[in-house]
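What follows is a set of notes on a single structure, which appears directly below.
The values are calculated or read from the model by the stated rules, or taken from the named source; none is laboratory data. Since the structure is predicted, the reported quantities are computational estimates derived from the model, not experimental observations. Every residue, glycine as well, gets a Cβ built from its backbone with ideal geometry; the counts of neighbours run over all protein chains shown. Ligands, DNA and RNA are stripped out before the accessible areas are found, and what is left, the full protein with its side chains, is counted by its heavy atoms. Shrake-Rupley method; radii C 1.70, N 1.55, O 1.52, S 1.80 Å.
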Amino acid sequence: MKTLFLVLRINVLIALALAASCTGRENNRKAGDNGAAFSDTKVILTPAPGPEVRINGTKIFGVRPGSPFLFKIAATGEKPLKYEALNLPAGLTCNASSGMISGIIETPGVYSTVFRVSNALGKKERPFKIVCGDQLALTPHMGWNSWYVWENHVTDSIMRAAADAMVSTGMIDHGYMYVNIDDCWSVKENSKDPGLLGPPRDERGMINSNPRFPDMKAMTDYIHSLGLKAGIYTSPGPTTCAGFVAAWQHEEQDISRYVEWGFDFLKYDWCSYSRVGRRDTLPDLQKPYILISEILKRQKRDIVLNLCQYGMGEVWKWGKNVGGNSWRTAGDLGGSFEGIGTALFRDGFDVFTDNELFRYGGPGGWNDPDYLLIGYLSNWKGETVPTPLTPNEQYTQVSLWAIQAAPLILSGDITRLDEFTLSLLTNDEIIEVDQDPLGKPGYRVAKIDSLEVWKRELEDGSLAVGMFNRGEGTANITALWSDLGIVGKHKVRDLWRQKDLGTFREKFSANVGRHGVMMLRISAK
Ligand code: GLA
């Protein structure tokens, strides 16, 4: 008993010493009072949605004149909900029971509408802007992608099940909308698997899907019928990264095929393009993307374009100019299953900071550090297993993506979400940071050893602040007002717990566990 007490005491002393040395700044010994320490177990912090209505998701949406419009109002609250959209522009209507707004706007303009959602307990209203012009993706994309869980086993029924799950889990009510197939939907010539064979193109040269996708149009119709959008993937080379038929010399035809099939999102990779094109100069790197986005612009359908060339040629500096709505900033975050944690800290923090990526993301074009690798993932050995990220690392990934204004695209198994994973994906106050209409990505304002403080300026004048502990033990982190560029008394709210922590002057301190984070919203009184 005595020995145990001694061991505990020593541990506490070590923790205190670590906390004191890690801040390197005035240490607030009362930090623990803020209730902020994260333990590295699966603790659900996100409060469950209440019975009262809450309107969620993006507050602004871009559409081009003449393109089909589809947007489902995202709202939680005891069902049934009744949805209204006030002051809709001519051409659009809102279905009161599904919350789906559809139609076509012909006249460009900024339309200020108001969503009103009601249930037995009352009603809520929230402004919503529709910007009809030449820009899509006015906030980062939210959705699901098949790659990291299904890789080359993806099928039509998997995609439909993913869409169903986006509805049944309630993710759709928090603003998730894209259901995206990654690689492996086209034919793989010479494959040993008969499920992947078939004529790669028809007699006119139009691309075919492989037998696992018997009717792409029926599949996207199904996804749309749920109020969701559908995404597809290809590469500018002759084959995709996994060796399936891709777009080389068929770009125009392939885009018209995607339009005919009803897709809303295209991830355009680089793989195998080096076999047929050059990559020596910037114009070489830009060429395939300029070509594809020019074709996309001519379509009577809005297709969001995601560039996937792993950051070559500092793509963040020109991704938007070549028509990209987002661009991958680094290699595959989950290329090595065991290495996901390492990649998260390298690509998530260092690639972003070293290249000052916050300067380049904004409405219409976002930095894309890859997918949310939480829940069940493929381990690339034929099994689907829980993410190797610790609970704290999972909080860190979602928080960092939100503060950086990165797309929130889950690539774990959406049909098998445990409560913890779902809670990470559906915290509306964290999502609100990601989707803030100002669209200014956050950045690091202070770093001492492995402790970092990040801030993101939000539309209402408040700040989202992330206090990240990249170190190996619990540490006390202080966010100094002087680092955040604010003075005087400020209200501090814990975003994961959705709780006000009080009013603070000059600084806020909290204990943060190994590889964990504390996400705050700081606003003037
Ligand atoms: C590349 C991309 C991944 C995925 C695979 C598919 O590696 O970076 O995101 O699309 O191709 O083969």
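If I go through the range 479-511 residue by residue, how many of them are more than 23 Å from Ala48 (Cα to Cα) and open to solvent by less than 10 Å² (accessible area, probe 1.4 Å)?
As a first pass, look at the range 479-511 and keep what is more than 23 Å from Ala48 (Cα to Cα): 479-491, 503-511.
In the following step, the residues that additionally are open to solvent by less than 10 Å² (accessible area, probe 1.4 Å) were identified as 479, 481, 484, 508-510.
Residues in the range 479-511 being more than 23 Å from Ala48 (Cα to Cα) and open to solvent by less than 10 Å² (accessible area, probe 1.4 Å): 6 in total.
Just checking, does the range 281-293 include any residue being assigned to a loop (DSSP other than H, G, I, E, B) and more than 16 Å from the ligand (Cβ to nearest atom)? Give the steps one after another, and end with the answer.
Taking the range 281-293 first, the residues assigned to a loop (DSSP other than H, G, I, E, B) are 281.
Next, from what is left, pick out any that are more than 16 Å from the ligand (Cβ to nearest atom): 281.
Within the range 281-293, one or more residues are assigned to a loop (DSSP other than H, G, I, E, B) and more than 16 Å from the ligand (Cβ to nearest atom).
Evaluate the following for Lys192: is it open to solvent by 30 Å² or more (accessible area, probe 1.4 Å) and in a helix (DSSP H, G or I)?
On the way: open to solvent by 30 Å² or more (accessible area, probe 1.4 Å): yes; in a helix (DSSP H, G or I): no.
No; evaluated as a whole, the condition is false for this residue.
Within the range 138-163, which residues are away from the ligand (no atom under 15 Å from the Cβ) and open to solvent by 40 Å² or more (accessible area, probe 1.4 Å)?
Ser157, Arg160 - these are the residues of the range 138-163 that are away from the ligand (no atom under 15 Å from the Cβ) and open to solvent by 40 Å² or more (accessible area, probe 1.4 Å).
For Gly170, are the conditions met, namely being away from the ligand (no atom under 16 Å from the Cβ), under 26 Å from Phe128 (Cα atoms) and open to solvent by less than 20 Å² (accessible area, probe 1.4 Å)? Even if it seems obvious, please write down each step before you answer.
Working: away from the ligand (no atom under 16 Å from the Cβ): yes; under 26 Å from Phe128 (Cα atoms): yes; open to solvent by less than 20 Å² (accessible area, probe 1.4 Å): yes.
Yes: the conditions hold for Gly170.
How many residues does the range 314-335 hold that are within 16 Å of the ligand (Cβ to nearest atom), in contact (Cβ under 8 Å) with a residue 12 or more places away in the chain and either small (Gly, Ala, Ser) or touching an Asp or Glu at 6+ places or on another chain (Cβ under 7 Å) (or both)?
11
Restricting to the range 109-122, what's the tally of residues that are surrounded by 15 or more Cβ atoms within 10 Å (Cβ to Cβ) and not aromatic (Phe, Trp, Tyr)?
So the answer is 5.
Identify all residues within the range 485-498 that are within 12 Å of Met519 (Cβ to Cβ) and charged (D, E, K, R); write none if there are none.
Here is the first cut: in the range 485-498, the ones within 12 Å of Met519 (Cβ to Cβ) are 492-498.
Residues satisfying the conditions are Arg493, Asp494, Arg497.
Of all the residues that make up the range 243-280, how many are in a loop (DSSP other than H, G, I, E, B), crowded, with 17+ Cβ neighbours inside 10 Å and within 16 Å of the ligand (Cβ to nearest atom)?
10
Yes/no matrix, rows are residues, columns are (1) among the hydrophobic types (A, V, I, L, M, F, W, C); (2) in contact (Cβ under 8 Å) with a residue 40 or more places away in the chain; (3) touching a strand residue (DSSP E or B) at 6+ places or on another chain (Cβ under 8 Å):
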| site | (1), (2), (3) |
| --- | --- |
| Arg416 | no, yes, yes |
| Phe420 | yes, yes, no |
| Asn427 | no, yes, no |
| Leu438 | yes, no, yes |
| Val453 | yes, no, yes |
| Ala464 | yes, yes, yes |
| Asp494 | no, yes, yes |
| Phe508 | yes, yes, yes |
| Leu520 | yes, yes, yes |
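Restricting the range 199-225 to residues that are in contact with a helix residue (DSSP H, G or I) (Cβ under 7 Å, 6 or more places away or on another chain) and open to solvent by 40 Å² or more (accessible area, probe 1.4 Å), which is nearest to the ligand (Cβ to nearest atom)?
Taking the range 199-225 first, the residues in contact with a helix residue (DSSP H, G or I) (Cβ under 7 Å, 6 or more places away or on another chain) are 205-207, 209-214, 216-217, 219-220, 222-223.
From what's left, open to solvent by 40 Å² or more (accessible area, probe 1.4 Å): 211-212, 214, 217, 222.
Values: Pro211: 19, Arg212: 15, Pro214: 22, Lys217: 23, Tyr222: 23 Å.
Here the residue is Arg212.
Looking at the range 75-87, which of its residues are over 18 Å from Met171 (Cα atoms) and open to solvent by less than 40 Å² (accessible area, probe 1.4 Å)?
Answer for the range 75-87, where residues must be over 18 Å from Met171 (Cα atoms) and open to solvent by less than 40 Å² (accessible area, probe 1.4 Å): just Ala85.
Check Glu125 against each of (1) farther than 18 Å from Gly62 by Cβ; (2) away from the ligand (no atom under 16 Å from the Cβ); (3) open to solvent by less than 50 Å² (accessible area, probe 1.4 Å) and name the one condition it does not meet.
Unmet for Glu125, out of (1) farther than 18 Å from Gly62 by Cβ; (2) away from the ligand (no atom under 16 Å from the Cβ); (3) open to solvent by less than 50 Å² (accessible area, probe 1.4 Å): (3).
Open to solvent by less than 10 Å² (accessible area, probe 1.4 Å), among the small types (Gly, Ala, Ser), in contact (Cβ under 8 Å) with a residue 24 or more places away in the chain and not in a loop (DSSP other than H, G, I, E, B): is that true of Gly237 in this structure?
Values: open to solvent by less than 10 Å² (accessible area, probe 1.4 Å): yes; among the small types (Gly, Ala, Ser): yes; in contact (Cβ under 8 Å) with a residue 24 or more places away in the chain: yes; not in a loop (DSSP other than H, G, I, E, B): no.
Taking the combined requirement at face value, the residue does not satisfy it.
Hey, Gly362 hits all of (1) surrounded by fewer than 17 Cβ atoms within 10 Å (Cβ to Cβ); (2) without any contact (Cβ under 8 Å) to a residue 60 or more places away in the chain but one; which does it fall short on?
It is condition (2) that Gly362 fails.
Which ones in the range 297-313 are at negative phi, in a loop (DSSP other than H, G, I, E, B) and within 14 Å of the ligand (Cβ to nearest atom)? Working first, answer last.
Of the residues in the range 297-313, the ones at negative phi are 297-309, 312.
Now narrow it down to the ones that are in a loop (DSSP other than H, G, I, E, B): 298-303, 308-309, 312.
Correct list: Cys308, Gln309, Met312.
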